[in-house]
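The values are calculated or read from the model by the stated rules, or taken from the named source; none is laboratory data. Keep in mind the model is a prediction, meaning the values are calculated, not measured. Note: ideal-geometry Cβ built from the backbone for every residue, glycine included; neighbour counts use all protein chains shown. The area values use the complete protein model at the heavy-atom level, side chains included, leaving out ligands, DNA and RNA. Shrake-Rupley method; radii C 1.70, N 1.55, O 1.52, S 1.80 Å.
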Amino acid sequence: MVEVINEGEPRAWSSGLRPLLEPEEIRRRVAELGREITADYRGRELTALVVLKGSFVFAADLLRGIDLTSKVEFIGLRSYGSRTSTSGVVEITLDAKYPLVDRHVLIIEDIVDTGLTLSFLRDNLATRLPASIRLAALLHKPARTIRPVPIDYLGFTIPDEFVVGYGLDHDGRYRNLPGIALLDDPAQLRLFEKDGRGSVD
Ligand code: PRP
């Protein structure tokens, strides 16, 4: 088991956050997903496609729970819109280094919200002629669905609230929380948006 430093202790900068998913609960579910993926892909080589930035923590834990010969690629996506919602116009900011043709591609994503980002990605990947495309998502917010996307491996369904931690951010912050929390005080969002340091997400 991987030890996370000070995992159970409140963090000095984390006031205003309400825990939603504890690190242990996430660890158990991610391990289950790893076992499920291992069984489903038995005999095939996997290419994990990690969607940056938010998925880096989930991907690191999930991949270590998958007992298969695998390759890992990264893709960076940016969707235009406000800080708390996407417009559906998606730009690739970093592309996979190697072709995905004939590969069994498993997209690893932290959250499916409106579904617009993943819908774009699936359409884009289909043009690269992979052998298969599946999606592993840690979180799904069904209340905000605009374009439904099939999630083959889902960690948790969550309510329509702004969540941070375990890779997910607000304006670049909170990605290093070991669990997932709700931003308690909407005033905090306004405070950060006015702090003059610009977006660092
Ligand atoms: C998040 C998440 C997805 C997208 C989901 O990325 O990682 O890519 O939003 O939203 P959607 O279903 O409404 O399209 P974000 O834009 O926050 O970027 P980040 O991963 O770099 O934090």
**Fill in**
Going through (1) surrounded by fewer than 21 Cβ atoms within 10 Å (Cβ to Cβ); (2) in contact (Cβ under 8 Å) with a residue 60 or more places away in the chain one by one, Val101 fails only at (2)
**Asked** Given the structure, is Glu45 open to solvent by 30 Å² or more (accessible area, probe 1.4 Å), within 16 Å of the ligand (Cβ to nearest atom) and farther than 22 Å from Tyr166 by Cβ?
**Response** no
**Asked** Do we find a residue being under 12 Å from the mean Cα position of the chain (by Cα), under 27 Å from Ile26 (Cα atoms) and part of a strand (DSSP E or B) anywhere in the stretch 115-125?
**Response** no
**Request:** Might you let me know whether the stretch 154-177 holds any residue that is hydrophobic (A, V, I, L, M, F, W, C), modelled with pLDDT under 95 and open to solvent by 40 Å² or more (accessible area, probe 1.4 Å)?
**Result:** yes
**Item:** Among (1) surrounded by fewer than 21 Cβ atoms within 10 Å (Cβ to Cβ); (2) among the charged types (D, E, K, R); (3) under 29 Å from Gly16 (Cα atoms), the one test that Arg122 misses
**Value:** (3)
**Message:** Looking only at the stretch 126-153, filter to residues that are open to solvent by less than 50 Å² (accessible area, probe 1.4 Å) and more than 13 Å from the chain's Cα centre (by Cα); which one of those is farthest from the ligand (Cβ to nearest atom)?
**Reply:** Ser132
